[in-house]
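What follows is a short report on a single structure.
None of the figures in this text is laboratory data; all of them are computed from the coordinates on show. Since this is a predicted model, take the numbers as computed values, not measurements. Heads up, the Cβs are rebuilt from the backbone with ideal geometry, glycines too, and the neighbour counts pull from every protein chain shown.
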Amino acid sequence: MALKKKPVTGMKDMMPEEMEIRDYVIGLIKETYKSFGFSSIETPCVEHIENLCSKQGGDNEKLIFKILKRGEKLKINQAKEEADLVDGGLRYDLTVPLSRYYSNNANELPAPFKALQMGNVWRADRPQRGRFRQFMQCDIDILGEPSNLAEIELILATSTLLGKLDFHNFTIRINDRRFLKAMAAYSGFSEEDYDSVFITLDKMDKIGLDGVEKELEENGYEKESVEKYLQIFKEITNDVEGVRWCKEKLAGFLPQEAADSLEMIITSVESAKEADFRISFDPTLVRGMSYYTGTIFEISMDEFGGSVGGGGRYDEMIGKFTGQNTPAVGFSIGFERIVMLLLERGYKIPTSKTKKAYLLEKKLPQEKILEVLETAKRERAEGKQIMLLNMKKNKKFQKEQLAQQGYEDIVEVFNR
């Protein structure tokens, strides 16, 4: 059987041009987030299958790459159910592993704990533009901080990073799960129907108000409740005034502290932001993860046509491990999508390093080679990036390739 040259579907080989940008972005992420007080951590790529299938990951739990038991523990002929065969899986996100990590190490960590985690995750998804089965995630989380200072810090840190990567005019859409529940309760939907109603609402940007109305009615909900529900979205605005309108309109259903908190987050971010972006109250924002308990947010970019990051508050997840709930909120940027957009726009990495290449004539005497090696050593110590190559017959083409790689200074070395 012939060996296959192409990578497995949904995964890809990285070319040097992309790796250069990826390495730069990773460095900038760490530098920026550490300036906001976040500390790097790392968790294993393999998680206990019980943790991954804990009904906290939404649809992602349907996309797990599961791992068979090993050695004597794997008894295929005796297996009666999946649990007899599988005991682990590749992580589908970084939030579940972080919650396990914090639960296991909380006594040795500061409170609150500001975590920065970057690493590959895996989902058996249908590959498409900007979506792979193996991809890098980049999360910042604040654990143990109940106030909205955590949300403000996360939004400012993430938007500052995007600004440093020369992204402008993007939008951070923000909502709160308590607003979603209040709007549904005000309209007369029963609590057991909330998730179904929210799934339909989440399609608003694709099917519009009329499409949401049609689907809710087809699902058997009372026409009066549907009309009352949709009237909210006709009257509401996507700013602080919209939050205040909800506070008044949904009185008795929406906790006052939820409205006050969201208003403070929006006004604080608008006042303190460094990057060029808009923060927008979006009452239709749902986010699929069932573990969110409060504030939720997403980054939208017109040039991508979708979300390039998101997150929210998940105050109950750590309690699944410890039995005691811990305030937690996180923000994840779509690392792969950000890199893809940078590549598509021909992004050039800002660098003060000089890239210099020496083309060595073939059959140079040893003393001449040693002389070049000594020069290269000295120049690298000065912070320059030095490439040594044997000179090819087609010197012109070789120089053109080096120029494309950013080597602006090319020195030919002859035996003279």
Could you give the distance between the Cα centres of region 179-201 and region 248-264, to the whole Å? 16 Å
Please identify, among K320, K223, K75, the residue showing maximal mean-square fluctuation in a Gaussian network model of the chain using a 10 angstrom Cα cutoff. K75
By the Cα gyration tensor axes a ≥ b ≥ c (a/c under 1.5 gives rounded; else a/b larger than b/c gives prolate, otherwise oblate), the shape of region 138-183 is oblate
Amide H contacts under 5 Å for M387, placed H, 5+ residues apart: K356, A357, Y358
Shape call, region 355-413: gyration tensor on alpha carbons, a/c limit 1.5: oblate
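Among D195, D176, what is the fewest-to-most ranking by other Cβ atoms within 10 Å? Show your work: numbers first, answer last.
Values: D195 11, D176 29.
Going from sparsest to densest Cβ surroundings: D195, D176.
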Note, ³J(HN,Hα) from phi for region 334-342, Karplus 6.51, -1.76, 1.60, rounded to Hz, x at Gly and Pro: x, 3, 5, 5, 4, 4, 4, 5, 5
Per DSSP, the loop-located GluC sites (Glu not before Pro) within region 246-298 having at most 16 other beta carbons within 10 Å are E274
Along region 365-373, Karplus-curve 3J(HN,Hα) (6.51, -1.76, 1.60; θ = phi - 60°) to the nearest Hz, with x for Gly and Pro, reads x, 4, 5, 6, 4, 5, 5, 5, 4
Where does the chain land at 222 nm, in deg cm²/dmol rounded to the nearest 500, when only DSSP H runs of n ≥ 4 count, each adding -39500 (n - 2.57), divided by all residues? -12500 deg cm²/dmol
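About the Cα centre of region 355-413, what is the dipole size in debye to 20, counting +1 per Lys and Arg Cβ and -1 per Asp and Glu Cβ, all else neutral? Mind showing how you got there, number by number?
Numbers: 14 positive and 10 negative charges, 57 e Å.
The dipole of region 355-413 has a size of about 280 debye.
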Springs between alpha-carbon pairs under 10 angstrom, Gaussian network model over the chain: which of G37, G406, G334 fluctuates most? G406
Could you work out which residue, out of Q134, Q405, Q256, moves most in a Gaussian network model of the chain, that is, has the largest mean-square fluctuation with Cα springs under 10 Å? Q405
Can you run phi through the Karplus equation (6.51, -1.76, 1.60; θ = phi - 60°) for region 387-401 and list ³J(HN,Hα) in whole Hz, with x for Gly and Pro? 10, 10, 9, 6, 6, 9, 4, 8, 5, 4, 5, 4, 5, 5, 5
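Show me the ranking of peptides 166-175, 198-207 by mean Cβ neighbours inside 10 Å, starting with the highest.
Details: 166-175: 18.3, 198-207: 15.3.
Packing proxy ranking, top to bottom: 166-175, 198-207.
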The alpha-carbon center of region 18-74 and that of region 139-165 are separated, in whole Å, by 19 Å
If the chain between K69 and E361 were fully stretched, how many nm would it gain, using 0.36 nm times the residue separation less the Cα-Cα distance? 99.4 nm
Report the gain in length on full extension from K214 to E31: 0.36 nm times residue separation, minus Cα-Cα distance, nm rounded to one decimal. 61.0 nm
Tell me, what is the percent relative contact order of the chain, built from C-alpha pairs under 8 Å that lie six or more residues apart? 17 percent
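Return the loop-located GluC sites (Glu not before Pro) in region 326-393 (DSSP other than H, G, I, E, B) with at most 13 other Cβ atoms within 10 Å of their own Cβ; answer none if there are none. Before the final figure, lay out each step's value.
On the way: sites: E336, E344, E361, E367, E371, E374, E379, E382; in loops: E361, E382.
In loop regions of region 326-393 (DSSP not H, G, I, E or B), the sparsely surrounded GluC sites (Glu not before Pro) are E361, E382.
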What are the principal axis extents of the Cα atoms in region 143-241, in Å, biggest first? 48, 31, 24
Residues meeting the amide H criterion for G119 (H placed from the backbone, H to H distance under 5 Å, 5 or more places apart or on another chain) are Q137
